[in-house]
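Student: This is the structure I have questions about; it appears just below.
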Amino acid sequence: MASSTGSPTPPAPKILLAKPGLVSGASIAPKFGRGAPSDDDAASLRPRLPPIGSLNLLSDSWDFHFDRFLPFLTENTDFTVIGVIGPAGVGKSTIMNQLYGFDPTSPGMLPPFATQSEDTRAMAKHCSSGIEPRVSADRLILLDTQPVFSPSVLAEMIRPDGSSTIPVLGNESLSAELAHEITSIQLGVLLSSICHILLIVSEGVHDNSMWRLMLTVDLLKHGIPDPSSLIPTHTQTTNLGLEKEYKDKLLGREEYMAAPVFVHTNNVRGSTLPNISLIPSKNSDDSSEPLYESYNSALWKLRDQVLSMSGPTFTRTVSERDWLRNSAKIWELVKNSSIIGEYAKTLQNSGTFRR
């Protein structure tokens, strides 16, 4: 992490984006291209792999791919996973860049996580898609995610007939609106299962949509383990007695949940609720106004608070590489969760979402 003290200026952190060979010659397809073939099944047009040069853990078909990010991880067991979730434009990527140690004043340095530009905001698009991972020199694994409750995300996953192009619950056909709701829940359940610390970012204390989402995540996460709690393959196939003992031990433990930190990006003077950080809005012209606390000062304080936290530990010691491999297995458990599936059916039968 970059340090703010000491006489010699530390070198700018290296940004781990991708292997050089993956980036050259890569072309980026527009997100909102609505030309091209329209009669084919939209789901078949969605690439099953993230774009070339991307480390994204989730493809457009909602499958987990870790092969590109795996080379950046080691067998080290002393690491911290920090995830973030929230709607569009609230500063998720900006906060993650701060945790990474990115210095925006360094010439020629690109941020690890792309932030929303004025053009992106004007076109009502979103910057992040899926789950974008980065790892710092201090072995912080940072997971930036696509926005929840995002109209632009919904626009990308809707067919002309209103159904979803993303198979969020196996092969079950859902309306795009319901599938969009379920994707937010699935992201929340996954991050709560594989992170040590989860930042929940919203626009203010009066925006209760993220509170409701995390309450739903807490309700539906039942039965989803942490990355170290998966039954080893050799145990499953060779010793049923050890498998039963292992399951009984897991059932006796309190269910794992990442430590939540609620971040409200507006100028509120204080709160009596625990684990809440308040960040004033950043002025577009960077002008200074008499605020209770400056934007940069609040960001630094949030960074210090998060980095000094001792989040919950996984059930067993696990390496970075095993954490990533097991996270892919947990994603399959989340997608195939009968509890989330029943919740989706309840929402569908409620009449809130079209069939």
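Student: Would you point out which residue out of Pro71, Pro87, Pro107 is more than 18 Å from Leu324 (Cβ to Cβ), surrounded by fewer than 18 Cβ atoms within 10 Å (Cβ to Cβ) and not aliphatic (A, V, I, L, M)? Walk me through it before giving the result.
Tutor: Working: Pro71 fails: more than 18 Å from Leu324 (Cβ to Cβ); Pro87 fails: surrounded by fewer than 18 Cβ atoms within 10 Å (Cβ to Cβ).
Of the residues listed, the single one that is more than 18 Å from Leu324 (Cβ to Cβ), surrounded by fewer than 18 Cβ atoms within 10 Å (Cβ to Cβ) and not aliphatic (A, V, I, L, M) is Pro107.
Student: Still on this structure, please answer the following. Can you tell me which of (1) assigned to a loop (DSSP other than H, G, I, E, B); (2) modelled with pLDDT of 95 or more; (3) not aromatic (Phe, Trp, Tyr) is the one Gly311 doesn't meet?
Tutor: (2)
One line per residue, one yes/no per condition, for (1) modelled with pLDDT under 70; (2) assigned to a loop (DSSP other than H, G, I, E, B); (3) surrounded by 13 or more Cβ atoms within 10 Å (Cβ to Cβ):
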position	(1), (2), (3)
Arg269	yes, yes, no
Val306	no, no, yes
Ala328	no, no, yes
Leu333	no, no, yes
Tyr343	no, no, yes
Thr346	no, no, no
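Student: Among the residues of the stretch 62-78, count how many are of a type in the set (Phe, Trp, Tyr) and not in a loop (DSSP other than H, G, I, E, B). Walk me through how you get there before you give the answer.
Tutor: Here is the first cut: in the stretch 62-78, the residues of a type in the set (Phe, Trp, Tyr) are 62, 64, 66, 69, 72.
Next, from what is left, pick out any that are not in a loop (DSSP other than H, G, I, E, B): 64, 72.
Qualifying residue count, the stretch 62-78: 2.
Student: If you go through the stretch 174-201 one residue at a time, how many are part of a strand (DSSP E or B) and closer than 30 Å to Thr315 by Cα? If you could, list the steps in order and put the result at the bottom.
Tutor: Step one: of the stretch 174-201, the residues part of a strand (DSSP E or B) are 175, 197-201.
Narrowing the set further to residues that are closer than 30 Å to Thr315 by Cα leaves 197-201.
Counting residues in the stretch 174-201 that are part of a strand (DSSP E or B) and closer than 30 Å to Thr315 by Cα gives 5.
Student: Out of the stretch 151-175, which residues are crowded, with 21+ Cβ neighbours inside 10 Å and among the small types (Gly, Ala, Ser)?
Tutor: Within the stretch 151-175, Ser164 is the sole residue that qualifies.
Student: Among the residues of the stretch 83-111, write down those that are in contact (Cβ under 8 Å) with a residue 60 or more places away in the chain and more than 21 Å from Ser297 (Cα to Cα).
Tutor: Across the stretch 83-111, the qualifying residues are Gly83, Ile85, Gly86, Pro87, Ala88, Met109, Leu110.
Student: If you don't mind, another one. Yes or no: the stretch 94-107 includes at least one residue that is in contact with an Asp or Glu (Cβ under 7 Å, 6 or more places away or on another chain) and either of a type in the set (Phe, Trp, Tyr) or modelled with pLDDT under 90 (or both).
Tutor: Going residue by residue through the stretch 94-107, those that are in contact with an Asp or Glu (Cβ under 7 Å, 6 or more places away or on another chain) are 96.
Retained after the next criterion (residues that are either of a type in the set (Phe, Trp, Tyr) or modelled with pLDDT under 90 (or both)): none.
No, because not a single residue in the stretch 94-107 is in contact with an Asp or Glu (Cβ under 7 Å, 6 or more places away or on another chain) and either of a type in the set (Phe, Trp, Tyr) or modelled with pLDDT under 90 (or both).
Student: If I filter the stretch 79-92 for residues that are within 25 Å of Glu177 (Cα to Cα), of a type in the set (D, E, K, R), at pLDDT 85 or above and not in a strand (DSSP E or B), do I get at least one hit? Lay out the reasoning, then the answer.
Tutor: To start, the set of residues in the stretch 79-92 that are within 25 Å of Glu177 (Cα to Cα) comprises 83-92.
Next cut, of a type in the set (D, E, K, R) only: 92.
The next check asks that each one be at pLDDT 85 or above; those that pass are 92.
Okay, now just the ones that are also not in a strand (DSSP E or B), so 92.
Scanning the stretch 79-92 turns up at least one residue that is within 25 Å of Glu177 (Cα to Cα), of a type in the set (D, E, K, R), at pLDDT 85 or above and not in a strand (DSSP E or B).
Student: Could you tell me which numbered condition Ala18 fails, if it satisfies all but one of (1) in contact with a Leu (Cβ under 8 Å, 6 or more places away or on another chain); (2) modelled with pLDDT of 60 or more; (3) part of a loop (DSSP other than H, G, I, E, B)?
Tutor: The failed condition is (2).
Student: Shifting gears a bit: Would you be able to tell me the number of residues in the stretch 118-173 that are touching a residue at least 24 places away in the same chain (Cβ under 8 Å) and assigned to a strand (DSSP E or B)?
Tutor: 11
The values are calculated or read from the model by the stated rules, or taken from the named source; none is laboratory data. It should be emphasised that the depicted structure is a prediction, and the values quoted were computed from it without experimental measurement. Please note: Cβ atoms are built from the backbone with ideal geometry, for glycine as well, and neighbour counts cover all protein chains shown.
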